[in-house]
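The values are calculated or read from the model by the stated rules, or taken from the named source; none is laboratory data. Quick caveat, the model's predicted, so the values are computed rather than measured. For neighbour counting, all protein chains shown are included, and Cβ atoms are generated from backbone atoms with ideal geometry for every residue, glycine included. Only protein heavy atoms, including side chains, enter the accessible area calculation; ligands, DNA and RNA are left aside. Shrake-Rupley method; radii C 1.70, N 1.55, O 1.52, S 1.80 Å.
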Amino acid sequence: MAKKLLIKNIKTLVQVREESVEKVCGKDMAILPCINNAWLAIDDGLIADYGSMEDFPGIIDWKGLEVIDATDRIVLPCYADSHTHIVYAGNREGEFVDRINGLSYEEVANRGGGINNSANLLRNTSEEDLFQQSMIRFNEIIKLGTGAVEIKSGYGLSLESELKILRVIKRIKDLNIIPVKATFLGAHAIPPEYKDNKEGYINLIINEMLPAIAKDNLADYIDVFCEKGYFTAEETERILLAGKKHGLIPKVHAEQLSHSNGILTGVKCGAISVDHLEYCDDNDIAALLNSKTMPTILPGAVFFLSLPFPPVRKMIDAGLPVAFASDFNPGSSPSGNMSFMMSIGCIQYKLTPEEVINASTINSAYAMEMSAKVGSITRGKLANLILTKKINSYGFIPYSFSNNHIESVFINGEVF
Ligand code: NIG
Ligand code: FE
């Protein structure tokens, strides 16, 4: 029999969308529809119905129904984390200390650290070990409230190792715990064996990696790190278009450390999202306004690398939608805590709690084409939900930064 669950006396049911929207833009980001003193019914892993306790339906099938009393607690849809690199090996605490002692992210990378350091570790890690290490992070982010996730390759940088990562992502996806999208990021850095032959590495990506990935259906998206010292806008375009030929939808790591035209290239290639955006300018904002591309901010990487703040306030005021994601990775954001990303958004970028919650639920779901399935309290969507501890309002989550306000996470209607 299908499992039925009723959560009653919910202090506030947050992000209730009668009609499913795919994203919210500009001024609408300040609007977060809620029901106070609410109930929510779950049937067979999906949101079946909801409403105010004042008009709780008399007719309800109580047979086999489990009831949870959420007095003084808040329910919101799980976070959608549309940009992570959680499949990696080892860690980079050594570089963390190097940076504390004065080296920049670029200087660490130029010494053979950075992405190539992680690639070296991963190449020497077995597929099983990589899966086990990654599962620890996967379980951890779900406990922190993430109910849908995108995971990138990009720490392999060889045919064999990129495939190894993508197979691990597929294994995680096939567990069918939360929805997962896989992104091929072979163009994350130039591996040492191609140091003087970038063209050779790009050809390897286009002529060998992409066909092998497409053959086994290992990726949904193609991504490129468009940045000085990594891949130029022209190279980014070539790689994205090659990915598109194999049915992969583009995403771009854009404008993170300098203005490198990643946003314009992403928009031109029909990217579903462009991510980072610290150096986004007015021309980029204008291009994004005429596109379906979701500008995605990664507050963890800005915080961890002490980068200039991305112009998020300006983007929203211009009418753009904005998504938030964690960028969970060993080099620039070793955390997948979306509640903390929202705190950074409020404290440092001057977004309101309503705006950061929209950015971290419905808009980040859009950035991985999942807004029909997750990202709001809507009938028929997955019952992937956060039940908070006793707190006053949803604004308390970003306000009381880095504290854990989550009592339990429901995945497909069951406590995780
Ligand atoms: O999204 N920007 C490029 N890639 C990652 C960081 C990679 C690393 O340092 O391992 C990012 O920030
Ligand atoms: Fe990233």
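Some observations on this one:
- In the stretch 144-171, the residues that are more than 15 Å from Ala212 (Cβ to Cβ) and either open to solvent by less than 10 Å² (accessible area, probe 1.4 Å) or without any contact (Cβ under 8 Å) to a residue 12 or more places away in the chain (or both): Gly145, Thr146, Gly147, Ala148, Val149, Glu150, Ile151, Lys152, Gly154, Tyr155, Val168
- Checking the stretch 198-219 against the condition returns a match, with at least one residue being within 16 Å of ligand 2 (Cβ to nearest atom), under 17 Å from the mean Cα position of the chain (by Cα), touching a residue at least 40 places away in the same chain (Cβ under 8 Å) and surrounded by 14 or more Cβ atoms within 10 Å (Cβ to Cβ).
- Of the strands (runs of 3 or more DSSP E) contained entirely in the stretch 48-124, those carrying at least 1 residues that are within 16 Å of ligand 1 (Cβ to nearest atom) fall at 79-84.
- Of all residues in the stretch 331-368, those that are polar (S, T, N, Q) and either in the same structural domain as Ile406 (by TED's automatic domain parsing) or in a helix (DSSP H, G or I) (or both) total 7.
- Looking at Ile86, Ile74, Ile115, just one residue is open to solvent by less than 30 Å² (accessible area, probe 1.4 Å) and under 30 Å from Ser393 (Cβ atoms), and that residue is Ile74.
- Single residue of the stretch 173-197 satisfying the filter (part of a loop (DSSP other than H, G, I, E, B) and within 16 Å of ligand 2 (Cβ to nearest atom)) that is surrounded by the fewest Cβ atoms within 10 Å (Cβ to Cβ): Ala189
- Inclusion of Pro330 among residues that are at negative phi, open to solvent by 30 Å² or more (accessible area, probe 1.4 Å) and not β-branched (Val, Ile, Thr) is not warranted.
- Thr388 passes every criterion in (1) of a type in the set (S, T, N, Q); (2) assigned to a helix (DSSP H, G or I); (3) open to solvent by less than 10 Å² (accessible area, probe 1.4 Å) apart from (2).
- Qualifying residues in the stretch 249-266 (those that are among the hydrophobic types (A, V, I, L, M, F, W, C) and open to solvent by less than 10 Å² (accessible area, probe 1.4 Å)) - the one nearest to Leu210 (Cα to Cα): Val252
- Lone qualifier among Ala70, Ala48, Ala30, Ala41 - being farther than 23 Å from Val180 by Cβ, free of Cβ contacts under 8 Å to residues at least 40 places away in the same chain and more than 16 Å from ligand 2 (Cβ to nearest atom): Ala41
Rundown of residues vs (1) more than 24 Å from Met135 (Cβ to Cβ); (2) in contact (Cβ under 8 Å) with a residue 40 or more places away in the chain; (3) surrounded by fewer than 22 Cβ atoms within 10 Å (Cβ to Cβ); (4) among the hydrophobic types (A, V, I, L, M, F, W, C), yes/no style:
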| residue | (1), (2), (3), (4) |
| --- | --- |
| Ser335 | no, no, yes, no |
| Met342 | yes, yes, no, yes |
| Glu369 | yes, yes, yes, no |
| Val374 | no, yes, no, yes |
| Tyr399 | yes, yes, yes, no |
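- Residue ID - least open to solvent (accessible area, probe 1.4 Å), chosen from residues in the stretch 1-38 that are of a type in the set (S, T, N, Q) and assigned to a strand (DSSP E or B): Thr12
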